[in-house]
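Enquirer: I'd like to ask you about the structure that follows.
The values are calculated or read from the model by the stated rules, or taken from the named source; none is laboratory data. The structure displayed is predicted, hence computed values, not measured ones. We place every Cβ from the backbone using ideal geometry, glycine too, and count neighbours over all the protein chains shown. We work out accessible area using only protein heavy atoms, side chains counted, and drop any ligands, DNA or RNA first. Shrake-Rupley method; radii C 1.70, N 1.55, O 1.52, S 1.80 Å.
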Amino acid sequence: MTTQASGDALVSLNGVNKHYGQLHVLKDINLQVRKGEVVVVIGPSGSGKSTLCRAINRLETIDAGDISIDGKHLPEEGKQLANLRADVGMVFQSFNLFAHKTILENVTLGPIKVKGVSKAEAEKEAMKLLERVGVGHQAPKLPAQLSGGQQQRVAIARALAMKPKVMLFDEPTSALDPEMINEVLDVMVQLAKEGMTMIVVTHEMGFARKAADRVVFMADGQIVEDSTPEEFFTNPQSNRAKDFLSKLLTH
Amino acid sequence: MDLFVTGFKNTLILFFFSAIAALILGTIVGAMRVSPVPAARATGTLYVNVVRNTPLTLVLFFFALGYPKLGLPPIDFITAAIIGLSLYTATYIAETLRSGINTVPLGQAEAARAIGLTFGQTLTLVVLPQAFRSVIPPLFSVLIALLKNTTVAAGFSVAEAGAIRANLSERGEPALVGLLWVALVFIVLVAGLSLLQRYFENKWRVAR
């Protein structure tokens, strides 16, 4: 492991299993992510990596096993679950900005309604975040008026506004035009440098090499490899990973 | 002429209060029908299916004739008519709104939950505002139907616009002329609602 050991795992998955009917999408997943760690989850489509990411804030329920965040077990539905989700930032493939609210309102909604921050305070904080991700001048616009890359950066700002302990990224650049991918990745690399704990499901191998502390390779619902980026990309252990990497590198 | 004024005043009173009550009740029932709680869903479905399948005349009949026999506090005819019209119209509002809720992408609710909003907050702050925007035209159709349904209350002793014609004919005025006047005023009232509909459609056009 490359990062400094700083106590117990911030995100901990133990013996997690999930089925979609007959399909066993998550098989005995064990994963510990420590504070400040950046873990990139890669793998072929259908390998269960998005499901894994969504299970961490219970957007997907699990059939067996245990998930805890900062020592707290994921509660069932209700107020406690909402409180826990407030500590976990989530960035979606399709941005999911609130379509009827302005950029600024998208970022301030959570702090005002969940944390009880005053409107003035929330707006001040939101403007700082929007400036930081480079879309401060777009604040009064509606999401539909922004490009995909800009929308995704707003989505990152919206998640950061809750001051989360960990950020989940579920294929954040997969719905973007190629020329917009980098503007989003730059924000993520910066975030990683600042010490944010991140779990990133992505196909961007460049990001994995540049910013990840660990690469987790998933296939058929299982974690097949869990190693450093250098090790994974230069010396993959399993045939499944070798096969996956060889297909990527031919292009 | 006095009768004309009283009649349409009552029509507007019936419409105004029934519309507000039906919008509130319809929103609650619509929300119940998409709720994750099975009991709430079942209650909402039962209510919609029972009341919507009952002819409005029977609903009003119940409040005019059945209700006083139940030994509950007595209510005047106009209040009874408002309650009946509200309960009836709310089922249509609920169903209209439910179709609107289904047009809001699932990702909107997921994003709301992901920042820590509760189910109720997700519904009222994110899903319902977008659902309302997408069902403005059918919602106004329901309201226009309500406006015209107020005439049914005439059969139950509320002197509203529909009663004018009957009264005019009794006095020997030509029935057709009376009918035409009533129809004309209804067209004007409905045109007002249509203008309001257009206003909301324009105001919320940019939302998506």
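Enquirer: Take residue B:69 and residue A:19, extend 7 Å from each Cα along the Cα→Cβ direction, and tell me the distance between the two endpoints in nm.
Expert: With each label placed 7 Å out from Cα toward Cβ, I get 5.6 nm.
Enquirer: The protein assembly as shown: percent of C-alpha pairs farther apart than 41 Å? Walk me through the numbers on the way to the answer.
Expert: Details: 37959 of 105111 pairs.
Of all Cα-Cα pairs in the protein assembly as shown, 36 percent lie more than 41 Å apart.
Enquirer: On a 1.4 Å probe surface of the protein chains, which of A:171, A:121 comes out largest in accessible area, and what is the full order?
Expert: Numbers: A:171 25, A:121 85 Å².
Order by accessible area, largest first: A:121, A:171.
Enquirer: Can you give the relative contact order of chain B as a percent, counting alpha carbon pairs under 8 Å and 6+ residues apart?
Expert: Numbers: 216 pairs, mean separation 57.0, N = 208.
Answer for chain B is 27 percent.
Enquirer: Given the whole protein assembly as supplied and a 1.4 Å probe, what does the accessible area of residue B:47 come to in Å², nearest 10?
Expert: The value for residue B:47 is about 50 Å².
Enquirer: Using only helices, what value at 222 nm comes out for chain A when you add -39,500 (n - 2.57) per DSSP H run of length 4 or more and divide by the total residues, to the nearest 500 deg cm²/dmol? Before the final figure, lay out the partial values.
Expert: On the way: 9 runs with 93 residues, N = 251.
When only DSSP H runs of four or more count, the value is -11000 deg cm²/dmol.
Enquirer: Over all pairs of distinct alpha carbons, what does the Kirkwood formula give as the hydrodynamic radius of the stretch B:2-203, in Å? Spell out each step's value before the answer.
Expert: Working: mean 1/r = 0.0539 Å⁻¹.
The answer is 18.5 Å.
Enquirer: Assuming 0.36 nm per residue, please report the length gained on full extension of the stretch residue A:128 to residue A:32 beyond their Cα-Cα distance. Please report the intermediate quantities before stating the final value.
Expert: Values: separation 96, 0.36 × 96 = 34.56 nm, distance 3.20 nm.
The residue A:128-residue A:32 span can extend by a further 31.4 nm.
Enquirer: Moving on. Return the distance in nm (one decimal) between the two label points of a simple spin-label model at residue A:8 and residue A:239, each offset 7 Å from Cα along Cα→Cβ.
Expert: Taking the two extended label points, one gets 4.1 nm.
Enquirer: Past the 30 Å Cα-Cα mark, which pairs from A:128/A:247; A:27/A:113; A:49/A:247?
Expert: Numbers: A:128/A:247 42 Å; A:27/A:113 37 Å; A:49/A:247 18 Å.
Check vs 30 Å cut-off fails for A:128/A:247; A:27/A:113.
Enquirer: Extending each Cα 7 Å along its Cβ direction at residue B:53 and residue A:115, get the distance between those two points in nm, one decimal.
Expert: Rounded to a tenth, the inter-label distance reads 5.1 nm.
Enquirer: If you take each beta carbon of peptide B:62-70 and count the beta carbons of other chains within 10 angstrom, what is the mean? Could the numbers behind the result be given before it?
Expert: Values: counts 0, 0, 0, 0, 0, 0, 0, 0, 0.
For this peptide, the per-residue mean of nearby foreign Cβ atoms is 0.
Enquirer: Please report the relative contact order for the stretch A:1-154, taking Cα pairs under 8 Å with a sequence separation of at least 6, and give it as a percent rounded to a whole number.
Expert: Working: 182 pairs, mean separation 28.1, N = 154.
For the stretch A:1-154, the relative contact order is 18 percent.
Enquirer: Another one. Just counting partner chain Cβ atoms within 10 Å, what average do the residues of peptide A:65-75 show around their Cβ?
Expert: Rounded to a whole number, the mean comes out at 0.
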